[in-house]
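All of the numbers you see were taken from the coordinates with simple rules; none came from a lab. Please read all numbers here as calculations on a predicted model, not as lab measurements. Here the Cβ positions follow ideal geometry from the backbone for every residue, glycine too, while neighbour counts run over all protein chains shown.
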Amino acid sequence: MPDFIRLSSPNFNDRDPVAPLQYIVLHYTGMKTGDAARQRLCDPTAKVSAHYMIEEDGRIFQLVDEDKRAWHAGISFWRGVTDMNSASIGIELVNPGHQFGYRPFTPQQIRSLKPLLRQIIERHRLSAKTCLLAHADIAPMRKEDPGELFPWRDLAQQGFGLWPSPQSVDYGHAEDEDVQVLLRSVGYDCPTGTGYDRATRAALLAFQRRYEPNNLTGTPEKETVARLRALSRDAASG
């Protein structure tokens with residue numbers, strides 16, 4: 001287990017056994033400094049927390065024990081699960097976020113994150129291919145983090161998550177409802193038969209932040225649809 005600094009947050013409760021632990025949700029703190037983020041995550045009046053927070057210099061703070069339900073996900077959904085706080089472990093990475101000067105995550109943060117992920121996955125017998133989620137994935141109408149500068153592809157290449165590799169068959173035309181079905185199939189909260197609505201755009205944009213970070217349009221363009229089809233196929237098989 002990587003070394004970490006214990007800093008207890010009072011913001012937690014018991015997990016709901018009906019929603020078994022299956023996921024790890026990655027966030028950015030979205031505050032100007034790490035000190036400000038730590039204070040907020042430990043402030044009982046804020047009613048937010050996470051299990052871990054990783055500073056830009058790589059220090060890991062443990063705020064909530066893994067067997068407890070930290071309050072990091074908020075109103076969220078993934079693959080039919082609505083109590084994502086019970087079903088996940090939350091990790092915050094210090095970064096000012098889109099509001100305060102979004103910037104790349106530091107090499108020290110990612111070096112600390114990888115062994116932490118590996119230990120959590122092994123300890124709870126999670127699926128390394130499917131357990132890793134962005135806050136934006138589970139709450140696309142509300143959240144952007146950890147965003148397009150997070151090294152999702154690098155992590156996938158090391159076995160943390162899937163990375164879609166489209167085939168020629170994946171580039172065919174898709175109607176709005178086809179896209180919605182695909183988004184739903186990989187986990188997003190995307191109703192079908194509603195046309196290209198706000199929920200569909202938000203889910204597509206969250207998908208692009210993770211899998212097509214140079215194309216943040218929120219629209220079902222040819223490459224986006226192809227990657228979505230490839231991910232849906234990979235998720236179904238793995």
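Laid out as a table, the results:
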read-out	value
Set of lysines with alpha-carbon distance to LYS222 below 30 Å, sequence-local pairs under 8 removed	LYS129, LYS143
Helix axis angle, 107-124 relative to the chain longest principal axis, alpha carbon, degrees	90
Net +/- balance of residues flanking ARG59 in space, Cβ distance below 14 Å, scoring K and R +1, D and E -1	-3
MRE, 222 nm, helices only [DSSP H, n ≥ 4, -39500 (n - 2.57), over the chain, to nearest 500]	-10500 deg cm²/dmol
Test item: Cα-centred dipole of the stretch 85-238, Lys/Arg +1 and Asp/Glu -1 on Cβ, debye	620
Neighbourhood charge, 15 Å Cβ-Cβ cut-off, centred on THR82 and excluding it, Lys, Arg +1 and Asp, Glu -1	+1
Simple label model, 7 Å out from Cα along Cβ direction - SER127 to ASP154, nm	2.6
The stretch 102-191 - charge dipole about Cα centre, Lys and Arg +1 at Cβ, Asp and Glu -1, debye rounded to 20	800
Volume per residue of the C-alpha convex hull in the stretch 16-55, rounded to whole Å³	87
Angle in degrees between helix 176-186 and the longest Cα principal axis of the chain, rounded to the nearest 10	40
Antiparallel %, DSSP beta bridges [both residues in the chain], to 5	35
For the stretch 120-238, convex hull volume per residue from C-alpha positions, Å³	102
Separation between Cα centres of the stretch 166-219 and the stretch 42-91, rounded to whole Å	27
Neighbourhood net charge (15 Å Cβ-Cβ; Lys/Arg +1, Asp/Glu -1) for TYR188	+2
Within the stretch 110-152: Cβ-based charge dipole about Cα centre, in debye rounded to nearest 20 (Lys, Arg +1; Asp, Glu -1)	280
Reachable aspartates and glutamates, given that their alpha-carbon falls under 16 Å from the alpha-carbon of LYS114 and they are not under 8 places away in the same chain	ASP3, GLU55, GLU56, ASP57, GLU92, GLU122, ASP154
